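Remarks on the structure that follows.
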Amino acid sequence: METIRLEKEERQLRQAAEILRRGGIVAFPTETVFGLGADATNPSAVQRLFQAKGRPADNPLIVHLAEPDDWPLAVSSLPTTARQLLSAFAPGPLTVVVPKQECIAPAVTAGLPTVAVRVPSNPVARELVRLVGRPIAAPSANRSGRPSATTWQSVLEDLDGRIDAVVCDNPSEIGVESTVVDCCQNPPVVLRRGAVTEAQIAAVVGQVSSPGNLQGDGAMVNSPGVRHPHYQPTARVRLVDSPPSADELRSLPGRIAYCGLQGLSRAAASRVSVARTFTSLEEYARDFYEFLRLADRDGAAWIVVERAKPEGIGAALLDRQTRAADR
Ligand code: TXA
Ligand code: MG
């Protein structure tokens, strides 16, 4: 299959929408990471999506809508907490888990009676979903287990020839996936950390269950699909609290990459083949997956990663870092 590259202008977005309406699979930008879209009401389209990613069938997908008011397209009834969260954070990097509508293909929710929905804020994503006029299932646009793609080039690195088209756009602004909140429980439970923090959620719904039992990727132990590996580059990842010295780096065999908020000493820098020092937590989150992919392209055996402080977006980033290192 040839993967068509489309620009984000109206005529080509219409073409992308037409491919989706006919049961094709199309990658598109969102503010968090690139998504791989399929018509959520079309079982064979959804099956092709799972195949293209190599995604385990027990890991349900997030359904994307163009407008918060479109929820009846995917959802049978909206719990009060979900309504409050959508009015506070949609469009934006927040996903609510709520009772599902009949029309959503069972494979989308891995057979669960609930569905995860979000309204992306990226205007290209919203326009595309609006043009299709149906709910769009879209997991991150990467091969299952790999770091998510935050550029269209990284989408093609994983999926060229396996998907019908990619809508090209600038890199994702946030760089980590949306916060997932289960609104079928009271109080709501954070299933995956993201740019919308627990404190922001609690300020809207009063109380949110402590994410103390979140796993490394910020996903609950009982959240579907979390047993599978996530966010892993080919290189091994080592987490550190401060930049390693040249001596510490000597113990790692092969090519080494380093990223963090603190820079390496000159002696240590001479031992690594790629290094990146970020100027803020936001920039660290935005470019983290892309750095892992860059290190892989460089042939790194090890990627040394400075742990993010769990403040603001840092909590979500730390979750991803922990999962990337978990093997
Ligand atoms: O930012 C994002 O959310 C990106 C962009 C493309 O929108 N999408 C994304 O999708 O990250 P994906 O498939 O990679 O992650 C889906 C997450 C998983 O942690 C999954 O377990 C959870 O959502 N999820 C989906 N449906 C669920 C359900 N019914 N109940 C509980 N968790 C669910
Ligand atoms: Mg994913």
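In the stretch 236-324, the ratio of gyration radius to Kirkwood radius, Rg to Rh, stands at 0.94 when only Cα atoms are counted.
Pairwise Cα separations in the chain fall into 20 Å bins from 0 onward with the following percentages, short to long: 34, 56, 10, 0. At q = 0.23, 0.26, 0.30, 0.34 Å⁻¹, what log₁₀ I(q)/I(0) does a Debye calculation on the Cα points of the stretch 24-69 give, no solvent, two decimals? Ignoring solvent entirely, the Cα scatterers give -0.90, -1.10, -1.30, -1.39.
Debye sum, Cα scatterers, the stretch 137-212, no solvent: what log₁₀ I/I(0) at q = 0.12 1/Å? With one equal scatterer per Cα and no solvent, log10 I(q)/I(0) is -0.47. Less than 24 Å apart at the alpha-carbon level, and either on another chain or at least 8 residues along: which lysines does that give for Lys53? Correct list for Lys53: Lys8, Lys100. For Arg192, nonlocal amide neighbours, meaning residues 5 or more places apart or on other chains whose placed amide H falls under 5 Å from its own, are Val180. From the alpha carbon centroid of the stretch 296-327 to that of the stretch 226-282 is 9 Å. In the chain, Cα pairs under 8 Å separated by at least six residues give a relative contact order of 20 percent.
Put simply, when 190-200, 259-269 are sorted by average Cβ atoms within 10 angstrom per residue, most first, you get 190-200, 259-269.
Tell me, what % of the accessible area of the chain is carbon and sulfur with a 1.4 angstrom probe? Carbon-and-sulfur percentage of accessible area, whole number: 48. The amide H of Arg276, built 1.01 Å from its N in the peptide plane, has Tyr258, Cys259, Gly260 as neighbours under 5 Å, considering only residues 5 or more places off or on other chains. In the full protein context, the stretch 4-205 carries 36 Å² of accessible surface per residue, based on a 1.4 Å probe and ignoring ligands, DNA and RNA. Dividing the helix sum by the residues of the chain, where each DSSP H run of 4 or more adds -39500 (n - 2.57), gives a mean residue ellipticity at 222 nm of -8500 deg cm²/dmol. Using the Cα centre of the chain as origin and beta-carbon charges of +1 (Lys, Arg) and -1 (Asp, Glu), tell me which of Ala316, Val237, Gln84 is placed farthest towards the positive end of the dipole. Comparing the listed Cα positions along the dipole, Val237 ranks first.
Relative contact order of the stretch 236-324, please, whole-number percent, based on alpha carbon pairs below 8 angstrom and at least 6 residues apart.
Relative contact order comes out at 38 percent.
The values are calculated or read from the model by the stated rules, or taken from the named source; none is laboratory data. Please read all numbers here as calculations on a predicted model, not as lab measurements. As a convention, Cβ positions derive from the backbone with ideal geometry for all residues, glycine included, and neighbour counts pool all protein chains shown. Side chains are part of the model used for accessible areas, which takes the heavy atoms of the whole protein and leaves out ligands, DNA and RNA. Shrake-Rupley method; radii C 1.70, N 1.55, O 1.52, S 1.80 Å.
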